[in-house]
Amino acid sequence: MSTTTTTTRTGTTTLPRQSAISYSRTTATAARVLRQLRHDPRSIALMILIPCVMLLLLRYVFDGSPRTFDSIGASLLGIFPLITMFLVTSIATLRERTSGTLERLLAMPLGKADLIIGYALAFGALAVIQSALATGLAVWALGLDVTGSTWLLLLVALLDALLGTALGLFVSAFASSEFQAVQFMPAVIFPQLLLCGLFTPRPDMHPVLEGISNVLPMSYAVDGMNEVLKHTDVTANFIRDALIVAACALLVLSLGAATLRRRTA
């Protein structure tokens, strides 16, 4: 255990700072976030129901062309959870920052890793429910035709939702209001949406745009979904795509932990 020294009016006080990840502190943080979300039905509805509603709407937009729904439905099955988790997580975390909750937590013997992993676990639990409902609806109710395993489709959808959670935790550090948090969506999400290969194959793009798309995680989320759509077995490309999305989520979570700073007077 390391220590940190703070100066007060009465002298110098040494406070313990936890350096190792604690299971009890992490799960307590996750439980607290889930309790707070339980009293926010609008956020829960946005996370759980909106991707399902959007997939349902998309299915009947292409009612006369089921093959079109099959070709883009799998990609959007990963994109919708990413977007909704990004929005809800960024706004919910910003509330904690602006209300002083994070400030008080960081003044306690609670490590940054405990805090950020606790948040990720809480929103990740909701991401599991969201991804399972959206995947089940798309495959069994809306007739999305995939060649590969439904479980692989669910895996990529879950990784996409976790990536959205990580991005939301990260960008909340740079917003001072909920409106500003929403404004990050055009900067963080829209470029990836345009360049991920949803509207046109990435090799057909201008070489500069194709190069940019190669470093955007949503591109690999769409590629992973397309691998499941076209192949019966787990391919090397699918493994690569899934690992890249997972690695990006972990990287952004680490960056999110680095933004946790306790304000000083």
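Determine the relative contact order of the chain: mean sequence separation of Cα pairs under 8 Å and six or more apart, normalised by residue count, in whole percent.
24 percent
Under unit Cβ charges (Lys, Arg +1; Asp, Glu -1), what dipole magnitude, rounded to 20 debye, does the chain have relative to its Cα centre?
Charge dipole of the chain: 1380 debye, to the nearest 20.
What does the highest-first list of 144-154, 115-125 look like by mean Cβ count within 10 Å?
Output ranking for 144-154, 115-125: 115-125, 144-154.
Using helices alone, I'd like the mean residue ellipticity at 222 nm for the chain: each DSSP H run of four-plus residues gives -39500 (n - 2.57), total over residue count, nearest 500.
-23000 deg cm²/dmol
Could you state how much accessible area Phe184 has, in square angstrom rounded to the nearest 10, with a 1.4 Å probe and all protein chains kept in place?
Here the accessible area works out near 60 Å².
Which one is right for this structure if semi-axes √(5λ) of the Cα gyration tensor in Å is calculated from it: (1) 38, 28, 18; (2) 38, 19, 17; (3) 29, 20, 18?
The value matching this structure is (2).
How big is the accessible area of Glu96 in square angstrom, nearest 10, if you roll a 1.4 angstrom probe over the protein chains?
10 Å²
To the nearest 10 square angstrom, how much accessible area does His231 have with a 1.4 angstrom probe?
Spelled out: His231, probe radius 1.4 Å, area about 80 Å².
The values are calculated or read from the model by the stated rules, or taken from the named source; none is laboratory data. Just so we're clear, the structure is a prediction, and the values are computed from it rather than from any experiment. All Cβ positions, even for glycine, are placed from backbone atoms using ideal geometry, and neighbour counts span all protein chains on display. These accessible areas exclude ligands, DNA and RNA; they are computed on the full protein's heavy atoms, side chains included. Shrake-Rupley method; radii C 1.70, N 1.55, O 1.52, S 1.80 Å.
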